[in-house]
Amino acid sequence: MGATHKGKGRQTAFVSRRTRIIPLILSSLTTAKTATFPSDQSQKLEITFQKIPAAVLVNLLITIFPQFIPLIYIAYMAYKLLDYIIRQQKEYRNLKHAIMEEESLIEIVGKYVLEKGIRRVTDKNTSEKIHNEINLEITNLVANEIFQQMIRKSAGKDQQRQEKFQNMLVSTLSQFIVGSLVGSDDELVIQAARILMEGKND
Amino acid sequence: MTERLDRFLQNVLPVSMMIASAKMQLAEAITEHIISISKDAGLTLTKRDKEDIDVVIEEVISKLPLETFKIPLDLRPRSEKGIENHLQKIDEDTIKSIISKIVKDLKKRQTKIGEYL
């Protein structure tokens, strides 16, 4: 008991570490498995493995197989990259789906408004929300240097006139865009909406 | 959709610039008109009064229907003179209704000129 083997049969530090760690890991896995999934062991063990975070698994593997550190590291990096690509693809698919839904919603709303002749959206909150959102976007857009140059050109050097012109431009663009989306009885806005919804310029 | 949006902006942006300019010119003309009325009436307008007039006029004019300005959607900006010509096309009844709305709002705000008008 407790005697150290000497000579050729003596355990190396690595073998001794692995001998100590493997039962510990197996026992902790078995405990977790039985605590979580008392029956159908083969299937549940797989699930238990999936629940171990990748970083923990890598640390365990490095401890057990230190001679494979570069390989484990490469595999881990490849796993992380793959995971990142999969997540990006999923996000892209979701985003694309959302954009397509939004575009078709705009088209449906536009056609509904134009074809059925309904000029006002009855849900005031929706209309106000769209108005506020668009107004904010237009204010940001008009703050762009290209617009500021156009404003200076049209309003002259006077700061007050420039501000007044900017407010008028924001209100006009909002009227055009909000009106095209939620409907308007303004003939000019209806013409603009036709371009946006149907591509017609007449 | 992108192509339609491009066409929409190509048409809407220049006309919006012209309408914004027309709105500003109209606002300035009405402000001058109201200030001259108050001068004729012997009212001394403070800086605050003038600011109130400006705010009310801007609010009313910025919400006017765009078709008021009689600027066709396919018109491209040419000159200030061109915008003035379009402004002259606004009929008298429309101008009267704009001014009466401004007067109503000035009264609502309990401004000196509003009380006088």
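Since every read-out is calculated from the coordinates, none of them should be taken as a lab result. Predicted, not measured: the structure shown is a model, and the values here were computed from it. Backbone-built Cβ (ideal geometry, glycine too); neighbour counts: all protein chains shown.
Give the peptides A:165-175, B:96-106 in descending order of average Cβ contacts within 10 Å, highest first.
Result, highest mean first: A:165-175, B:96-106.
Using a Förster radius of 35 Å, what is the FRET efficiency between B:Lys104 and A:Thr139 based on their Cβ-Cβ separation? Nearest 0.05, please.
The computed FRET efficiency comes out at 0.80.
With each pseudo-label sitting 7 Å past Cα toward Cβ, what's the A:Lys80-A:Arg161 distance in nm, one decimal?
Placing both labels 7 Å along Cα→Cβ, they lie 6.0 nm apart.
First measure r as the distance between the Cβ atoms of B:Ile37 and A:Arg152, then evaluate 1/(1 + (r/R0)^6) with R0 = 25 Å and state the FRET efficiency to the nearest 0.05.
My answer for the efficiency is 0.20.
Quick check: pseudo-label points 7 Å beyond the Cα along Cα→Cβ at B:Asp93 and A:Ile64, how many nm apart are they?
Modelled inter-label distance: 9.0 nm.
Within a 10 angstrom radius of each residue's Cβ in B:17-28, how many Cβ atoms of other chains show up on average? Whole number is fine.
6
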